[in-house]
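Below is one structure, written out as structure tokens; the observations come after it.
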Protein chains: 2
Amino acid sequence: MQPLDISSYLGRLQDYYAREKIIPSTTQLSMLWNVKARSWTHQIVQRLKEENFLENAPGSRLRPGPRFFERTVGPGVRAGRPQQTADVQPELLRIDDYLIEKPSQTILFPVKGDSMIDLGILEGDMVIIERSSSASPGEVVLAIVDNEFTLKVLARDKEGYYLEARNEARSKEYPPIRPQQKLEIYGFYVGLFRKAQVPAPRLHHPGLDR
Amino acid sequence: MQPLDISSYLGRLQDYYAREKIIPSTTQLSMLWNVKARSWTHQIVQRLKEENFLENAPGSRLRPGPRFFERTVGPGVRAGRPQQTADVQPELLRIDDYLIEKPSQTILFPVKGDSMIDLGILEGDMVIIERSSSASPGEVVLAIVDNEFTLKVLARDKEGYYLEARNEARSKEYPPIRPQQKLEIYGFYVGLFRKAQVPAPRLHHPGLDR
DNA sequence: TATTATAGAGAACGAATGTTCTGAATTCAA
DNA sequence: TTGAATTCAGAACATTCGTTCTCTATAATA
């Protein structure tokens, strides 16, 4: 029921917001969208508000609405190609919602070292930690050992709780950690995210290069 | 050199921003700060800009500056921990900002298989793909081979472009893929995120359990 | 006490803002 | 071909905007 194709306007605005972190005024939106009349820009904004991509902040300014940060999810990377013709409603996902359940108790930590490489946790990754002073064996936890944060798997045997690394290839370098007195748990691992490091730009590649 | 104690103003503004996700106008800032004169509000804003807590967005509006999201870690939490007093704890909602530069050209794909495990890309991860029909050798790309999406490393030799897996342990199962005719690139990998699978809940663990 | 910098108020102004109204051009089904 | 949406443009308006200027309090300093 939206005869006006709003998606191209929304896309431009989303890209703008990613750069500038602000929703501009109607006047500037007109320039961004190449719309001559502010009244028409206003109209488009109304549609975007109806669809919850935008909403009014105090002072009648605009801010991103609940759906503004939705990202489309494609099919599994080994499944078939997406059906172009069939108008399948694309699945949408908000990364933040997906990853974080309790924002107030969630903290991000950059990963150092390769002790958890077998779980696909690499140096430079950001792990998402939910604060908790307790955990169960088998969970990945952020513990405080010797005044340092360390991410390990919580384990337990007859002697009590201890911490295990997950790096089979270099297991000798990461022996189990048994706390001298008490084992302090800072939180448990709920997820991670990673920004690909840009490969060194290789110029002069005609053809397939970007 | 700042005789004016700016921190209380900043604090009110930070709280406001956490609620409303927007930096208000001078007029509304005056109300928020209980300042009668917009000129004085303007002055305070200038100081905040000098200290990089605020900055000007296009259209002479305000947006958070680089230091706006600094949070002071409470002394109780610190207690000799390896952390500075002031740490930049990014807003959790900004994971999306961190990962995605061009929202309109970005699509998420769930990963199936373990062909890229050496790069820490596991089954069940969500990879972030930026659309592009070209790429450079060495980049991780989402290509279309035999009508299927596949995530591989783009490589090139004298015979042309081909795709490589990254799974040393099972390299025989993932031989290089040489396209029969043309190699279609769908986009390139810019990052990923992962939700930890919850371990089977083990009940009745007194003490350390949650 | 006299001086001076800081903290705050008030008025004023042009520019930009959000919004509304009217009216064309275009599309599209009846 | 008629008529109705839809899409866009232009003008208009009251309000708010950021900014600047001048003018008091207050506090600290000499």
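The values are calculated or read from the model by the stated rules, or taken from the named source; none is laboratory data. Values in this document were obtained by computation on a predicted structure and should not be read as measured data. Counting neighbours? That spans all protein chains shown, and the Cβs are built from the backbone with ideal geometry, glycine included. These accessible areas exclude ligands, DNA and RNA; they are computed on the full protein's heavy atoms, side chains included. Shrake-Rupley method; radii C 1.70, N 1.55, O 1.52, S 1.80 Å.
Per residue, the convex hull spanned by the Cα atoms of the range B:108-163 amounts to 94 cubic angstrom. When chain A is treated as a GNM with alpha-carbon contacts under 10 Å, the residue of A:ALA165, A:ALA135, A:ALA57 showing the greatest mean-square fluctuation is A:ALA57. Who wins for biggest fluctuation among A:GLY120, A:GLY76, A:GLY160 in a Gaussian network model of chain A, springs between alpha carbons below 10 Å? It is A:GLY76. Its DSSP H runs of at least 4 residues, each contributing -39,500 (n - 2.57), put the calculated 222 nm mean residue ellipticity of chain A at -5500 deg cm²/dmol, to the nearest 500.
Sorted from shortest to longest, the distances between the B:GLU159 label points of this copy and the other copies are 5.4 nm, with each point 7 Å from Cα along the line through the beta carbon.
Only protein heavy atoms count here; under a 1.4 Å probe, B:THR27 has an accessible surface of about 70 Å². Label-point distances for A:PRO176 to the equivalent site in the other copies, using a point 7 angstrom along Cα→C-beta, read 4.5 nm when ranked shortest first. An oblate overall shape is assigned to the range B:99-193, the ratio a/c of its alpha-carbon gyration tensor axes (a ≥ b ≥ c) being 1.5 or greater and a/b not exceeding b/c. When a/c is below 1.5 the answer is rounded, else prolate if a/b is larger than b/c, else oblate, so apply that to the range B:7-71 with a ≥ b ≥ c taken from the square roots of the Cα gyration tensor eigenvalues. The shape class here is rounded.
In vacuo Debye scattering of chain A, one point per C-alpha: log10 I(q)/I(0) at q = 0.08, 0.10, 0.12, 0.16 Å⁻¹? Summing over Cα pairs of chain A leads to -0.50, -0.71, -0.88, -1.10. For the pair the range A:34-71 and the range B:38-70, the centres of their Cα atoms are 24 angstrom apart. Residues in the range B:34-47 carry Karplus couplings, in order, of 6, 10, 6, 10, 4, 5, 6, 4, 4, 4, 4, 4, 4, 4 Hz; the curve used is 6.51 cos²θ - 1.76 cosθ + 1.60 with θ = phi - 60°, and Gly or Pro positions show x. Take the Cα of B:ASP5, step 7 Å toward its Cβ, do the same at B:ARG178, and the gap between the two points is 7.5 nm. By definition, a body whose alpha carbon gyration tensor gives a ≥ b ≥ c is oblate when a/c is 1.5 or more and a/b is not larger than b/c, and the range B:148-195 fits this oblate description. Identify which of A:LEU192, A:LEU142, A:LEU119 has the largest mean-square fluctuation in a Gaussian network model of chain A, with springs joining Cα atoms closer than 10 Å. Checking each option, the largest mean-square fluctuation is seen for A:LEU119. Projecting the Cα atoms of B:PHE69, B:GLN14, B:GLN28 onto the charge dipole of the range B:7-71, computed from C-beta unit charges around the Cα centre, puts B:GLN28 farthest toward the positive end. Inter-copy label distances at B:ASP5, shortest first and taken from points set 7 Å along Cα to Cβ: 5.8 nm.
What's the total accessible area buried between chains A and B, using a 1.4 Å probe, rounded to the nearest 100 Å²? It comes to approximately 7600 Å² buried between A and B. Annotated for chain A: lysine pairs at least 8 residues apart or interchain, Cα distance under 21 Å, count 9.
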